[in-house]
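Any read-out appearing in this document is the output of simple, stated calculations on the displayed coordinates, not a laboratory observation. Everything numeric here is computed off the predicted structure, so don't read it as measured data. Glycine gets a Cβ as well: all are built from the backbone with ideal geometry, and neighbour counts include every protein chain shown.
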């Protein structure tokens with residue numbers, strides 16, 4: 001999306017007739033190198049790029065072929081797959097090959113490191129045999145092509161005479177090595193970045209890239225962009241004072257430049273800092289302050305809560321719900337934690353096994369059916385008492401006579417739906433069954449009526 005936006009801006013700003021301009025991510029550049037030069041370098045140009053789930057499944061299905069011992073518990077053979085892949089992803093980000101890691105492990109004599117090194121080496125061989133790689137492997141394969149073929153390296157260096165890299169502080173070490181491989185100290189290269197905004201270290205970003213750029217390109221000129229168009233002066237001042245605690249490991253200190261920001265917008269914003277002894281105390285206080293601000297006339301739509309991680313949202317959301325405060329979460333809240341997804345999963349469980357009383361209870365109590373709470377709890381109690389499934393209970397005519405007419409109709413419709421969609425599931429994939437269910441229940445029409453997109 002970012003690359004597409006950049007292409008649009010270039011089309012608007014650059015005169016007609018410019019040619020051979022590449023705008024994309026490091027991974028798309030690596031894919032381009034592999035596709036164009038792979039055959040010449042002994043790398044399959046049609047490498048299949050696996051997503052993380054695809055890679056996990058592929059390894060899980062062949063887990064006993066990697067020579068693992070201590071990292072292969074018999075009770076749960078796939079226990080360490082994700083941890084191993086995460087570690088290997090970090091090694092790739094740091095441009096550490098299987099042979100280099102294995103040599104290091106053998107030098108230490110650490111048996112577990114040696115086991116990981118052997119796994120890393122066998123994984124690379126395994127992926128090659130399956131004509132596949134992962135996202136990190138795109139970078140390492142492109143680097144391999146450039147480093148082992150001087151003619152290809154020179155061709156790329158002559159082709160890319162001008163290079164501009166945005167968000168340079170978020171690049172990892174291996175990505176920077178691609179740039180260094182196709183440039184020289186005399187190259188026309190420009191990087192845009194701010195070491196104070198480096199927030200992707202957990203994804204492998206190396207702040208050393210921007211800190212050492214002047215060492216690699218000593219003739220590079222430094223231009224400091226000081227105008228801040230977003231925040232008011234007090235916020236800018238407080239943030240600048242706070243970031244000073246990262247000295248001396250900052251570009252400002254290293255290059256002896258002045259990065260003090262000037263706010264363009266006028267106005268005063270109060271900055272307050274609170275410390276709480278517990279998470280629950282913090283969330284309660286956030287809710288209280290929002291309630292007070294709203295009573296004083298501030299619309300909910302003009303208040304925002306910024307979080308460092310998406311996972312922190314759940315505790316805030318719970319506190320807001322308890323106080324009846326409306327909210328909208330713009331992050332990627334866990335898909336499988338959403339109520340509607342839980343209900344759809346319960347539907348699939350019930351279609352597979354109608355006697356799954358726990359998932360049937362969730363499905364029955366959802367917005368799609370929702371009998372009276374008294375009737376549903378009575379059905380659950382009756383099922384336990386008679387040692388029957390909830391499905392058998394709500395399908396029993398004798399029991400149905402004991403509940404109100406509306407709940408009886410809901411139970412009968414639920415039983416009929418389960419039988420009907422179970423029949424459909426015999427010939428149709430799960431996705432089609434869920435889509436048909438949502439259409440039949442008018443779910444999409446309700447979303448459109450409520451003005452909810454996507």
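Structure above, values below:
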item	result
Cα-based equivalent ellipsoid of the stretch 245-375: semi-axis lengths in Å, sorted from largest, via gyration tensor	44, 22, 14
Directionally averaged projected area (convex hull, Cα atoms, the stretch 127-170), nm²	4.4
Helix 2-13 axis, angle to the chain major axis (alpha carbon atoms, nearest 10°)	50
Tensor-based shape of the stretch 221-303 (alpha-carbon gyration tensor, a/c under 1.5 rounded, otherwise prolate or oblate)	oblate
Size descriptor, Kirkwood hydrodynamic radius, that averages inverse alpha-carbon separations across the stretch 279-333, Å	11.6
Packing rank of 70-80, 357-367, where each peptide gets the mean count of other beta carbons within 10 Å, highest leading	357-367, 70-80
Whether the stretch 114-223 is rounded, prolate or oblate, judged on the alpha carbon gyration tensor where a/c under 1.5 counts as rounded	oblate
Sites residue 404 and residue 278 - FRET efficiency at Förster radius 56 Å, r taken between beta-carbons, to 0.05	0.80
Radius of gyration and Dmax over the Cα atoms of the chain, both given in Å	29.2, 89
Angle between the chain longest axis and helix 430-440 axis [Cα atoms, degrees, rounded to 10]	60
Stretch gain in nm, segment residue 234-residue 321, where the contour uses 0.36 nm per residue and the Cα spacing is subtracted	28.1 nm
Theoretical ellipticity at 222 nm over the chain - DSSP helices of four or more residues, -39500 (n - 2.57) apiece, nearest 500	-16500 deg cm²/dmol
Angle in degrees between helix 135-148 and the longest Cα principal axis of the chain, rounded to the nearest 10	20
Antiparallel bridges, percent of DSSP beta bridges restricted to the chain (to nearest 5)	10
